[in-house]
Amino acid sequence: MPTSHSRAGVASVCAAALTFSGLLVTGVLAAGPAAAADSADYQNVRINEVTSSNNDTVELFNAGSTAVSVSGWKVSDDSFSPQSFSPSSGTIPAGGFVTFDSPKGLGDSDELVLYTSGGTVVDRVGWATGKAKPAMARCGGDGTGAWVTTTTATTFGAANAPGCPASVPAASRVRINEVTSADADTVELYNGGTSAVGIGAWKYVDDDTTHSPVSLSSSSPSATSIPAGGYVTFDSALGLGDNDSLFLTDGNGTTIDSVTWATGGAKPSSERCANGTGRFRTSATATFGAANSCSGGSAGSGGDGGRLLGGGGSLTGGCAPEAPTGTGPAPAGTLVWPGGKDVTIADDVCAFTTSTGPEGRDLSGLAFDPSNPSVLWAAKNKNWLFKLVKSGGKWVADPSWSATGKQIRFLGGSGEPDSEGLTVGGNGHVYVTSERDNTKNTVPKDTIMEFDPSAPGSTLAPIHQWDMTSQFPQLDTGSKDDANLGFEGVSYVPDSWLTAGGWIDPLTGAAYDPANYPLHGSGLFFAGLEWDGTLHVYGLNSDGTFTTFGTIPTGKASVMDVTFDAGTRRIIATCDNTCGETHTLMKIDAAGAIVPDVTYTNPAVMPVDNLEGFAIAPPSACADGSREAVWTDDGVYGFGSGSSSYGHALYSGTFPC
């Protein structure tokens with residue numbers, strides 16, 4: 001539950017710079033400078049204006065949400081090889097501009113190709129005689145508009161609105177509207193103008209500079225013109241890859257339009273939203289030859305660096321979002337999110353209202369079912385458990401289990417557990433943590449409860465319950481705020497990981513041997529304490545007793561959720577805005593201790609809220625190098641009143657396999 005974390009006694013610990021060492025799974029980005037150099041941020045940089053007169057000046061625009069370094073980047077034209085240039089700044093801020101003078105003169109009929117320091121093509125523009133005088137600029141939107149010849153003064157270093165012609169030429173109203181890098185590598189063009197445009201002499205090319213432009217008529221012989229408001233489709237003869245670009249030119253070689261996409265961004269397709277005018281985004285369904293659906297997909301990396309899509313709608317009666325509290329800094333050494341930049345709203349508005357929580361807030365703990373990644377378990381603070389399944393791209397309550405969730409009780413069927421974290425044990429049961437009894441909210445009750453999800457009825461009582469309250473006297477002050485700073489998350493960690501990593505049992509000082517604890521099952525449970533960001537390790541015995549294995553610092557001021565990820569073979573300690581919306585991956589080091597390995601932020605597009613729940617799909621759910629990551633907003637606040645995310649609890653993104 002959202003609380004203010006500015007109380008005395010909370011350790012303000014910050015992790016030192018961390019490295020992601022010993023990672024066993026291919027596909028996860030390594031930490032450090034190399035990861036930044038290999039990021040897809042470059043795909044948000046576009047050539048925005050260029051002149052072939054005076055100093056042959058070029059302007060770059062960053063359409064993304066994070067700054068991009070252009071250190072070591074190069075340019076070439078239609079004759080000289082890539083050469084370094086001296087930009088007005090070494091970094092382009094989000095939504096900002098950088099200018100430079102071409103290292104070689106640009107001619108009347110020429111082209112400009114922009115490369116990263118590693119030689120990847122970022123963007124290109126070509127023009128016929130006179131088209132770049134006084135300049136060629138994107139008109140109708142920096143970074144996305146159609147290329148036209150400006151008619152008045154140039155606008156280098158500023159937005160391109162001044163100087164763009166009042167009437168954009170008919171050809172410049174033709175846009176690449178949809179493209180796929182799957183199957184036949186199909187491309188769709190759309191004419192947003194009021195008259196037909198002849199395209200018989202037009203050409204296209206991809207980002208391979210060794211490829212010559214291909215005549216559009218050779219790929220689609222019947223495509224000689226596009227009617228007003230109409231479409232033309234053709235299959236690329238060049239073959240389009242996962243990380244590629246497409247450039248459309250007229251018969252003189254002047255660039256008409258272009259699109260760039262990251263890995264997976266053009267599968268099943270990448271489409272403009274809104275149709276014919278908007279930025280590109282990954283679509284859920286291809287719509288070649290018709291208007292783009294612009295639903296059920298996610299924003300593409302070649303567009304604006306990630307967007308929140310979906311959701312919206314009016315709040316229902318009784319749903320009362322709560323603004324976030326307790327915002328603090330991220331630990332030192334935190335790295336950017338290693339997965340996709342794009343995040344979608346993944347639930348219906350005000351979806352989790354209950355009889356004890358009609359406001360629809362307080363969805364907290366999350367856990368994928370490791371045996372069935374199509375199932376996501378969620379805990380609502382006010383003693384409810386939800387089994388979620390996908391429907392129409394959203395996570396909804398499974399109607400075959402309970403369309404409204406099931407209420408949970410303490411052992412004996414009493415009370416209202418302040419359910420915060422949950423995990424799925426090796427036996428398939430769901431284990432839920434509670435900080436207190438909500439009917440006595442000034443008194444801590446730090447427990448872990450075991451529920452059999454197959455049990456009948458609308459109310460569940462635990463099979464076993466383990467009470468650790470006495471271990472945390474600092475929470476028993478008579479304050480409801482302190483009582484609310486106990487077990488916020490929990491994760492089942494299999495014995496096989498602990499033994500394979502050589503974890504040293506703090507009770508024996510020797511390598512952990514599960515046989516020493518015959519009643520504990522097949523793994524241990526790591527509970528995260530919100531009070532100080534520590535993990536507390538327990539063996540939960542079948543006779544109702546428990547074994548305490550000690551405390552593990554995470555390097556963070558608080559912990560809101562804990563998950564064991566079999567893909568990275570790491571324990572992940574999650575913190576909300578209290579610690580800068582971060583996830584610390586914990587490893588077993590060479591000395592047999594569990595220590596922080598690397599810390600990541602959330603995707604930059606995420607709201608800064610009390611995002612208390614976090615789960616990553618198991619490796620079995622991997623597709624195209626990624627798997628789903630899901631977050632919960634405990635206050636369903638999103639970006640605030642009036643935003644499309646207001647009143648929503650679940651967000652969906654991707655994490656590397």
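The values are calculated or read from the model by the stated rules, or taken from the named source; none is laboratory data. Just so you know, these numbers come straight off a predicted model, no measurement behind them. As a convention, Cβ positions derive from the backbone with ideal geometry for all residues, glycine included, and neighbour counts pool all protein chains shown. All accessible areas refer to the heavy atoms of the entire protein, side chains included, with ligands and DNA or RNA removed. Shrake-Rupley method; radii C 1.70, N 1.55, O 1.52, S 1.80 Å.
What accessible area per residue comes out for the stretch 123-209, rounded to a whole number of Å², with a 1.4 Å probe?
On the way: 3020 Å² over 87 residues.
Accessible surface, normalised per residue, equals 35 Å².
Going through the cross-link list Lys131/Lys203; Lys390/Lys587; Lys380/Lys445; Lys394/Lys480, which pairs have a Cα-Cα distance over 23 Å in this structure?
Distance filter (> 23 Å) returns Lys390/Lys587; Lys394/Lys480.
Starting with the highest mean, order 635-643, 355-363 by the number of other Cβ atoms within 10 Å, averaged over the residues of each peptide.
355-363, 635-643
Please arrange Thr404, Thr578 by accessible surface area, largest first, computed with a 1.4 Å probe and ligands excluded.
Working: Thr404 95, Thr578 15 Å².
Sorted descending by solvent-accessible area, the residues read Thr404, Thr578.
Taking only the alpha-carbon positions of the chain and ignoring solvent, what does the Debye formula give for the base-10 log of I(q)/I(0) at q = 0.05, 0.08, 0.12 Å⁻¹?
-0.27, -0.64, -1.15
Can you list the residues, at least 5 places off or on another chain, whose amide H is less than 5 Å from the amide H of Gly592, using H built in the peptide plane?
none
Could you give each residue of the stretch 502-513 its phi-based ³J(HN,Hα) in whole Hz, using Karplus coefficients 6.51, -1.76, 1.60 with θ = phi - 60°, and x for Gly or Pro?
x, 4, 8, 5, x, 7, 10, x, 10, 4, 4, 10
Ordered by packing density, taken as the mean number of other Cβ atoms within 10 Å over each peptide's residues, highest first, how do 545-555, 417-427, 168-178 rank?
417-427, 168-178, 545-555
Rounded to the nearest 500 deg cm²/dmol, what is the calculated helix-only ellipticity per residue at 222 nm for the chain, with -39500 (n - 2.57) per DSSP H run of length n ≥ 4?
-500 deg cm²/dmol
Give me the 1.4 Å probe accessible area per residue for the stretch 423-561, excluding ligands and nucleic acids, in Å².
Numbers: 4820 Å² over 139 residues.
Using a 1.4 Å probe on heavy atoms only, each residue of the stretch 423-561 averages 35 Å².
I'd like the per residue volume of the convex hull spanned by the Cα atoms of the stretch 91-178, given in cubic angstrom.
Values: hull volume 11.4 nm³, N = 88.
Considering the Cα atoms of the stretch 91-178, their hull volume per residue is 130 Å³.
Residue-wise, which Karplus ³J(HN,Hα) couplings in Hz belong to the stretch 420-430, taking 6.51 cos²θ - 1.76 cosθ + 1.60, θ = phi - 60°, and x for glycine or proline?
Result, rounded to whole Hz: 10, x, 8, 8, 9, x, x, 8, x, 7, 9.
Highest mean first, how do 520-530, 442-452, 157-167 rank when packing is the count of other Cβ atoms within 10 Å averaged over residues?
Listed from highest to lowest mean packing, they are 520-530, 442-452, 157-167.
Just grab the label-to-label distance for Thr129 and Thr356, each label 7 Å out from Cα along the Cβ direction, in nm (one decimal).
Rounded to a tenth, the inter-label distance reads 8.1 nm.
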